[in-house]
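Here's the structure we're looking at; comments come further down.
The values are calculated or read from the model by the stated rules, or taken from the named source; none is laboratory data. These numbers were taken from a predicted model, which means no experiment stands behind them. Cβ placement follows ideal geometry from the backbone for every residue including glycine, while neighbour counts extend to all protein chains displayed.
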Amino acid sequence: MKESNPPPSFEQVVHIIDDDEAVLDSLSMLLDSVDIKNATYPNAQSFLTAHEGDRIQQLSGCIVLDIRMPGMSGMECQQRLDALKCPLPIIFITGHGDVPMAVEAMKKGAIEFIQKPFREQELLDCIHHALTLNKTAQKRAFQSLDIVQRCKSLTVREKEVMERVVAGQLNKNIASELNLSQRTIEIHRANMMEKMRVKSLAELMTLLLTNE
Amino acid sequence: MFNHHKNHPKLPIIYLVDHQRKALLALTKLLTPLGAEIESFVSAERFLRHAINDEAACLLLEADLQNNKGSGIALLEQMAVRGIYIPTIILASSSDIPSAVRAMRANAIDFIEKPYVEHMLVRQVKSLLSQTHSTQLHTPSV
């Protein structure tokens, strides 16, 4: 039997991007005080450089992003991250936002847009929410990848048997349809169940349905 | 005069919710040329009591945050809870960033501050109509 892949470690980091050093320091201290791992960047470019290439897709956590910064703005950074398929939820913070700007950021998938000055608890709540969203999305992505891998490990015959089992066919019907003996179908079926790592038909159905 | 065409027996519906009749009339006048059916409601409660139809194309929802404490946005949140999804544009008489963010989180597709730019709103509604109904409606130029 194949070993299952260990789930990747989801060490979440809050990435804070702001050109105001005082903001970076105070947010970093705030997060340290509640034991949330964090990293600070003085501008959007330094975040992009630090996680160049595919590594950006492997990140776990969330981003706290200032809207107005010299060089690349927060909104531009959001666009770049989107193009790079960065999975981190974005929380915008701004001192000079307006409604159209907030609407635009939300349309592009930001999960929160907070105005400075904000209460620390308000930001912490947002960050907790963002980290939960990120964890759920990662788990789902990992599960579906895992199920796809299990399906790939099946032989052609086992796959044929699985399709028919899931469609509710009995072993003897499958046997006559595939021109095999019932005993052979039983063996394929048992192997298929083992490779899919399920113990019952109900479990198999649940597994396949969650991956729909 | 409706229902004469076999290909689209039913017209898509644009729902309007605004507590001011004057605003409803103005929107109706603006959107009538799009050729959809228009149904108006003076309150969120009345709209919610109305059975939502399959032909629902979009909802223009007024959110007067000063006088109505954001009941428009509350309606949107209720719809989300009940699993009703109609593409919704919020028209806000008064607005602030937290309300805009709240509306967008409640699945609004846009949040527009009043006074709205008429031709922009018409264009947006038109594109929503074409998304729900691939069949071409008679749409005179507006």
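Run down B:Gln131, B:Gln136 and say which single residue is part of a loop (DSSP other than H, G, I, E, B), more than 14 Å from chain A (Cβ to nearest Cβ) and modelled with pLDDT under 95.
Details: B:Gln131 fails: part of a loop (DSSP other than H, G, I, E, B).
Only one candidate passes the filter, namely B:Gln136.
Considering every residue within the range B:83-97, establish whether at least one is part of a helix (DSSP H, G or I), within 8 Å of another protein chain (Cβ to nearest Cβ) and closer than 21 Å to A:Phe92 by Cα. Quick ask: steps written out before the conclusion?
Our first condition is that a residue be part of a helix (DSSP H, G or I); within the range B:83-97, this holds for B:97.
Now restrict to residues that are within 8 Å of another protein chain (Cβ to nearest Cβ): B:97.
Then drop every residue that is not closer than 21 Å to A:Phe92 by Cα, which leaves B:97.
The answer is yes, given that some residue of the range B:83-97 is part of a helix (DSSP H, G or I), within 8 Å of another protein chain (Cβ to nearest Cβ) and closer than 21 Å to A:Phe92 by Cα.
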Selection within the range B:94-109 - buried (at least 18 other Cβ atoms within 10 Å of the Cβ) and more than 27 Å from A:Arg119 (Cα to Cα): none
Give, as residue ranges, the strands (runs of 3 or more DSSP E) completely inside the range A:18-130 that count at least 3 residues that are within 14 Å of chain B (Cβ to nearest Cβ) and surrounded by 19 or more Cβ atoms within 10 Å (Cβ to Cβ). A:90-94, A:112-115
Can you go through A:Leu154, A:Leu145 and tell me which one is away from every other protein chain (no Cβ under 14 Å) and either within 21 Å of B:Ile97 (Cβ to Cβ) or crowded, with 16+ Cβ neighbours inside 10 Å (or both)? A:Leu154
So, in the range A:131-182, exactly how many residues are closer than 30 Å to A:Ile16 by Cβ and touching an Asp or Glu at 6+ places or on another chain (Cβ under 8 Å)? 0
